[in-house]
Amino acid sequence: MRGGGALGQAALALLLMAAGAGARPRPAAAVDQPRPNVVLVACDSMDGRLTFFPGNQTVDLPAVNFMKRYGTLFLNAYTNSPICCPSRAAMWSGLFTHLTESWNNFKGLDPDYVTWMDHMEKHGYRAQKFGKLDFTSGHHSVSNRVEAWTRDVDFLLRQEGRPMVKLTGHRRQIRVMEADWRNTDKAVNWIKEEAVNLTQPFILYLGLNLPHPYPSPYAGENFGSSTFLTSPYWLEKVNYEAIKIPKWSSLSEMHPVDYYSSYTKNCTGEFTKEEVRNIRAYYYAMCAETDAMLGEIISVLRDSGLLGKTIIIFTADHGELAMEHRQFYKMSMYEGSSHVPLLVMGPSVRKQQQIPNVVSLVDIYPTMLDIARIPVPQNLSGYSLIPLLHEKAESKAPPRGGRPSWVLSEFHGCNVNSSVYMLRTGKWKYIAYSDGSSVPPQLFDLAADPDELTNVAIKFPVIVRSLDKILRSIVNYPKVSSSVQEYNKQQFISWKQSLGHNYSSVIANLRWHQDWLKDQKKYENAIDKWL
């Protein structure tokens, strides 16, 4: 494993030279050509903007750079729901969140849902999974689901520890996120010991926890994950001079939903520029460790003679705000949270191609079936990426019936007190809330305002009406919002009844306990009023 960790610069240089012969693009596969192997590496919480300029100036990501040189980079790839389980449910089902009703981290797909991997296995692929999956219902903490169910309650409680950084280990410590490295080792060993001997093509999935922040036990018995943790080894990969300190609106000027998010994430207090810079630097260092695991997979494929026969896809479930818009975590439609990395390399994939078209994680499902030459169902929300990977990307709108010129993302979980719907098309990002009238919408011109600091919805009412019409043609979002509100209430009632006399004690000691215990009666009364 090359010294037990990172894909070093020397090893990468050899890989770069060798890959020229092994991964040369060829015409679209004919029926008589063998189907390629597929490896999907999906990490958790990586900001997609780190894969291209200027974000790529902040941290050294050699494996990502290797994939860019010998494959295709998508410049505008988005999550369909910026939180773990619903996002992954979209990726594994090929359907938008409102179609699978994957409302929060507790509510995803049924355990027996037929995924693209199931189809590929049925059609002759050897399938193997390692690491984080998280697309089915019933997981994550009680706090997480109760916070989502009660977001319409008229109270404001901090649900997270204050974001902080922590340095661990020494300058040569590569393996910080041990669980991810163990799963990477399993994937590497499987390729070396099993994949090389297969007579059939394989599909390998590796799910990583990084660069998701780590748990913060200092915050009490029921704690969230607000610690950005790394070692000096990875921190040295970060270019501190290139780190941008985000501009913040004053608390009084924030959009009402943003204020709720910032408050519940414990971010409305004072932060020095040094604190913000460190949070961002440690996050980027965690991204560098993630990249090294991707590098291990690329290296073993090369060493095993499989690189030229394998399509590699790298992506994430969502991004990380890292103190942009006075927030950390995701659960937001701002770019840091909703924009994901998406890189593809392998046989017949164009090299050094950067695709500007908007795409999203629901596109993974039809792409996998396309790679495996399995007929793609007509009812999917996503579209295969294969035509874009094989051709030069067109900047003009696609022909009627082809890939749409927009992507949809939606959010219905915790830390946000409204259902949220985002339509990204061209230079515009339109964000609608709830029923479309009770909460003001947002409109950002990403060409003129890439940091999304100026909501121009009032300035461009015609654009707002036009984009809202498109959004309503995709999803009846007032109706969906109402369904989620009813779901939340019914779920909470069932949970409360299941606790009996223990209800008051249990609800007081969830992640919001530090605020709740100051006035238990007030918050219980607010819930009773909501019910």
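For the reader, a short list of remarks on this structure follows.
- Solvent-accessible surface (1.4 angstrom probe) belonging to Met164, in square angstrom, nearest 10: 60
- Based on Cα contacts under 8 Å between residues 6+ apart, the chain shows a relative contact order of 26 percent.
- Among beta bridges identified by DSSP and lying wholly in the chain, the antiparallel ones come to about 50 percent.
- Residue (of Ser102, Phe130, Met331) at the positive-pole extreme of region 37-397, dipole from beta-carbon charges: Phe130
- Exposed GluC sites (Glu not before Pro) absent - longest run of the chain, DSSP non-H/G/I/E/B, at most 16 other C-beta within 10 Å: 1-193
- Here region 444-469 and region 220-263 have alpha carbon centers that stand 25 Å from each other.
- For the residues Leu251, Leu510, a 1.4 Å probe over the protein chains yields an accessible-area ranking, largest first, of Leu251, Leu510.
- Cross-link partners of Lys273 among lysines, defined as those whose alpha carbon lies under 16 angstrom from its own and excluding same-chain residues fewer than eight positions apart: Lys244, Lys247.
- The alpha carbons of the chain give a radius of gyration and a Dmax of 22.6, 71 Å, in that order.
- Ligands, DNA and RNA excluded, the heavy atoms of Ser494 present near 70 Å² of accessible surface to a 1.4 Å solvent probe.
- Between the amide H of Phe96 and those of Ser381, distances stay under 5 Å, these residues lying 5 or more places away or on another chain, with hydrogens modeled in the peptide plane.
- Of Lys107/Lys265; Lys107/Lys192; Lys107/Lys309; Lys166/Lys237; Lys429/Lys479; Lys166/Lys518, pairs whose Cα-Cα distance is over 27 Å: Lys107/Lys192; Lys107/Lys309; Lys166/Lys518
- Region 28-151: C-alpha gyration tensor shape, a/c 1.5 cut-off, then a/b vs b/c: oblate
- Gyration tensor (alpha-carbon) shape descriptor, region 340-499, a/c threshold 1.5: oblate
- Relative to the Cα centre, the charge distribution of region 120-268, modelled as +1 at Lys and Arg Cβ and -1 at Asp and Glu Cβ, gives a dipole magnitude of about 440 debye.
- In the chain, helices alone account for a calculated mean residue ellipticity at 222 nm of -10500 deg cm²/dmol, with every DSSP H run of four or more residues adding -39,500 (n - 2.57).
- Loop-located trypsin sites (Lys or Arg not before Pro) in region 493-531 (DSSP state not H, G, I, E or B) with no more than 13 neighbouring Cβ atoms inside 10 Å: Lys518.
- Residue-level accessible surface for Lys489, protein heavy atoms, 1.4 Å, Å²: 60
- Extension gain, Lys273 back to Asn476 (0.36 nm per residue minus Cα-Cα distance, nm): 68.9 nm
- Accessible area per residue for the chain is 40 Å², calculated with a 1.4 Å probe on protein heavy atoms, without ligands, DNA or RNA.
- For the chain, the dipole from Cβ point charges (+1 on Lys and Arg, -1 on Asp and Glu) about the Cα centre works out to 920 debye, to the nearest 20.
- List Lys479, Lys192, ordered by accessible area with a 1.4 Å probe, largest first: Lys479, Lys192
- Projected-area mean, region 75-119, by convex hull of Cα positions, square nanometres: 3.5
- Of the residues Phe135, Phe106, the one with the largest accessible area comes first in the ranking Phe106, Phe135, computed with a 1.4 Å probe on protein heavy atoms.
- Judged by the gyration tensor of its Cα atoms, with axes a ≥ b ≥ c, region 85-211 is oblate; a/c meets the 1.5 cut and b/c is at least as large as a/b.
- Simple spin-label estimate for Val114 and Lys247 gives 5.2 nm between the two label positions (7 Å along the Cα-to-Cβ direction from each Cα).
The values are calculated or read from the model by the stated rules, or taken from the named source; none is laboratory data. It should be emphasised that the depicted structure is a prediction, and the values quoted were computed from it without experimental measurement. In this analysis, Cβ positions are derived from the backbone assuming ideal geometry, glycine residues included, and neighbour counts consider all displayed protein chains. Surface accessibility is based on the protein's heavy atoms, side chains included, excluding ligands, DNA and RNA. Shrake-Rupley method; radii C 1.70, N 1.55, O 1.52, S 1.80 Å.
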